[in-house]
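The values are calculated or read from the model by the stated rules, or taken from the named source; none is laboratory data. As the structure is a computational prediction, the values presented were derived from the model and not from experiment. When we count neighbours, we look across all protein chains shown, and the Cβ atoms used for this are built from the backbone with ideal geometry, even at glycine.
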Amino acid sequence: MADIIITENARKVILKDAEQTYPHECCGFFYGTDEDTRTVLEAIPVENTKEENRERRFEISAKDYLKAEQYADEKGLTLLGVYHSHPEHPAIPSEHDLRQALPYFSYIIVSVKKAKTVNVLSWKLNDQGRFAEEKVINQNNPFDVDVFLSSYQ
Ligand SMILES: [Zn+2]
């Protein structure tokens, strides 16, 4: 199982979005570095453009995907994936999530019950086109990319 490190800074953004958007699904992008282990340094919410059934579905516009790619380029970060929430459901990808999934991306899913986070899991497509779980490691150090990167050199 590959590891994915989520810094406290990014985790706070994702969980706040998931809890505030409840009972609808939230969604957003996350950015960071892709070395042997992926490290999520920053997360940014985007609009769920699904017209109906936002309790069970999310959709991100093509324009927002493009903006996310541009943002990553500007910041010198890698666009690592998409997060979204599952209100009143486990943090396990649905068949719909599988159909929408892109290779390479990590998919962080937050399970939210009664507007409180209960679980955070991360998933990535494997060579067989199925979701494989990534081991989420929560990094508690304050966000400081220079200190963080130098400690790994
Ligand atoms: Zn989902």
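Laid out as a table, the results:
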quantity	calculated
Residue check for Val82: aliphatic (A, V, I, L, M), touching a Gly at 6+ places or on another chain (Cβ under 6 Å) and surrounded by 18 or more Cβ atoms within 10 Å (Cβ to Cβ)	no
Of the criteria (1) surrounded by 14 or more Cβ atoms within 10 Å (Cβ to Cβ); (2) among the polar types (S, T, N, Q); (3) at pLDDT below 95, which one Thr117 fails	(3)
Candidate set from segment 84-130 (those that are in contact with a Lys or Arg (Cβ under 9 Å, 6 or more places away or on another chain) and part of a helix (DSSP H, G or I)); member that is nearest to the ligand (Cβ to nearest atom)	His96
Pair list, Cβ < 6 Å and 6+ apart or interchain, from segment 85-99 residues that are within 15 Å of Ser122 (Cβ to Cβ) to residues that are near the ligand (Cβ under 8 Å from one of its atoms)	Ser85/Glu25; His86/Ile109; Ala91/Ile109
Selection count where residues are of a type in the set (Lys, Arg) and assigned to a loop (DSSP other than H, G, I, E, B), scope segment 16-72	4
